[in-house]
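Notes for the one structure printed next.
The values are calculated or read from the model by the stated rules, or taken from the named source; none is laboratory data. In this text, all values refer to a predicted model and were calculated from it rather than measured experimentally. Quick reminder, even Gly has a Cβ in these numbers, built from the backbone with ideal geometry, and neighbours come from all protein chains shown.
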Amino acid sequence: MAKDALITPEKEPELEAGMLKPETGNQKPEPVRRSPWLWVPSLYFAEGIPYVIVMMVSVVMYKRLGISNTDIALYTSWLYLPWVIKPLWSPFVEMIRTKRFWIVAMQVLIGASLALMALAVPGPGFFRWTLAVFWLLAFSSATHDVAADGFYMLGLPQYQQAAFIGVRTIFYRVAMIAAQGGLVVLAGQLEPSLGIPQAWAVILWLTAAVFAAASLYHFFILPYPPADRPAGQGGRENLAAGYFRSISAFFRRKDILAVLAFLLLYRFAEAQLVKMVAPFLLDPAGKGGLGLTTGEVGLIYGTVGLIAMMAGGLIGGYVISRKGLKFWIWIMVFVMHLPDLVFVYLSFALPQDMKLIASLVAVEQFGYGFGFSAYAVFMLMVAEGEYKTVHYALATGFMALGMMIPGMFSGWIQEQVGYRNLFLWIMLSTIPGFIVPALVRIDPEYGRKGRRD
């Protein structure tokens with residue numbers, strides 16, 4: 001029987017709308033699209049948790065288990081490597097199986113890694129065994145990031161990609177709070193009754209169970225976008241040739257220098273500021289800071305500021321979906337960079353009014369969240385084409401480089417010139433952020449709802 005004979009008249013509108021794949025034989029139609037609310041929040045929540053466990057929770061766990069600060073800093077810093085070099089193997093995610101397959105498979109592997117770690121923590125030689133498993137967890141998580149970001153671009157119409165930028169950022173940050181805050185607090189509550197190793201084993205078992213549930217949920221809930229297929233599925237394509245072709249395609253862009261300048265310099269000032277905000281808030285007035293307590297910093301920067309940044313991201317994604325990235329890009333540049341002036345004011349005035357400090361920090365954080373929406377949508381635009389997953393991974397790699405290098409020397413600058421001059425320098429550092437948007441070409445309709453995909 002021909003496939004067309006299985007398409008009933010009542011299903012034709014759904015097929016034209018891209019909601020179902022045609023049935024073949026007795027096979028039920030698979031959903032091409034589902035409501036993004038069913039899978040975008042859970043997918044990015046699952047993306048955030050393993051990263052935070054590897055990069056932040058591991059430090060607390062090893063400290064409580066008696067590992068020296070030298071070893072903690074050395075070995076947990078190396079665990080960042082998979083995220084730095086993930087663009088190198090992202091072409092294989094593009095060419096082998098579907099992004100949907102990689103997401104579910106990596107969530108299973110992440111859950112298994114956490115379970116192995118839970119078994120290793122109470123035993124002898126736990127440090128070397130848990131480090132080995134942490135490497136497995138880190139590579140699994142970085143691979144999951146590649147697949148999830150690629151699937152996001154394939155599973156949503158282009159205008160929804162812009163609209164849900166803020167949603168995915170929020171749930172990623174909720175995952176950070178849940179892991180860095182909730183899991184650590186729970187471990188502290190369990191330690192007196194269970195002992196330190198067993199308490200952390202329970203935490204790891206609990207997180208492994210969460211990922212077992214997440215993999216099962218996403219296996220059934222994730223849609224089946226028609227474009228989610230291996231880039232080299234022809235069978236005769238040489239894997240190595242496909243690998244280098246997908247990467248070289250990114251660097252053969254006519255506007256590659258402008259693209260790289262944007263990725264590296266749009267947040268040049270913010271990369272320095274983000275490293276020095278907490279020290280400035282904590283340092284006493286004698287050292288040029290505001291002298292806040294750890295709890296006050298957590299409330300102002302980690303709660304009020306975080307909520308403001310989330311709000312900025314949500315609004316930024318929404319307004320781009322209404323009028324497109326090109327319309328909003330310059331507004332977002334100004335809204336992102338000019339609020340950095342609040343730290344110039346704070347460093348000179350050194351106010352003690354908590355409400356004033358919280359309000360000013362919230363203004364800066366809202367501006368950062370709003371302005372970062374332009375950066376996030378720009379990366380989606382750069383990734384358009386045959387190798388979406390690879391090119392998005394490359395963009396995120398340059399994004400990380402653009403944050404890492406300026407942040408590395410911001411502390412040294414502060415120690416040399418003090419907070420006041422540092423924040424004045426940061427205002428000067430916003431100049432590249434005002435230059436690079438003028439160098440890139442942006443489709444006037446890109447990001448706008450109703451644009452033809």
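For this structure, a couple of remarks:
- Of Leu119, Leu154, all but one fail to be surrounded by fewer than 21 Cβ atoms within 10 Å (Cβ to Cβ), closer than 24 Å to Leu380 by Cα and touching a residue at least 60 places away in the same chain (Cβ under 8 Å); the exception is Leu154.
- Test result for Ala163, at pLDDT below 85 and farther than 30 Å from Glu445 by Cβ: no
- Long-range neighbours under 8 Å by Cβ, at least six apart or interchain, first residue of a type in the set (Phe, Trp, Tyr) within segment 415-439, second at pLDDT below 95 and not in a helix (DSSP H, G or I): Tyr419/Asp283; Tyr419/Gly288; Tyr419/Gly289
- For segment 169-206, a tally of residues being under 30 Å from Tyr375 (Cβ atoms) and touching a Leu at 6+ places or on another chain (Cβ under 6 Å) returns 0.
- The sole residue among Ala73, Ala46 that is modelled with pLDDT of 50 or more, within 27 Å of Gly182 (Cβ to Cβ), touching a helix residue (DSSP H, G or I) at 6+ places or on another chain (Cβ under 7 Å) and in the same structural domain as Gln161 (by TED's automatic domain parsing) is Ala46.
- When Pro13 is tested against (1) part of a helix (DSSP H, G or I); (2) at pLDDT 70 or above; (3) within 30 Å of Gly385 (Cα to Cα), only condition (2) is not met.
- Residue within segment 375-394 that is in the same structural domain as Val342 (by TED's automatic domain parsing) and over 20 Å from Gly150 (Cβ atoms) present: no
- Residue match in segment 339-349 (condition: surrounded by fewer than 19 Cβ atoms within 10 Å (Cβ to Cβ), aliphatic (A, V, I, L, M) and either under 26 Å from Ile435 (Cα atoms) or touching a Leu at 6+ places or on another chain (Cβ under 8 Å) (or both)): yes
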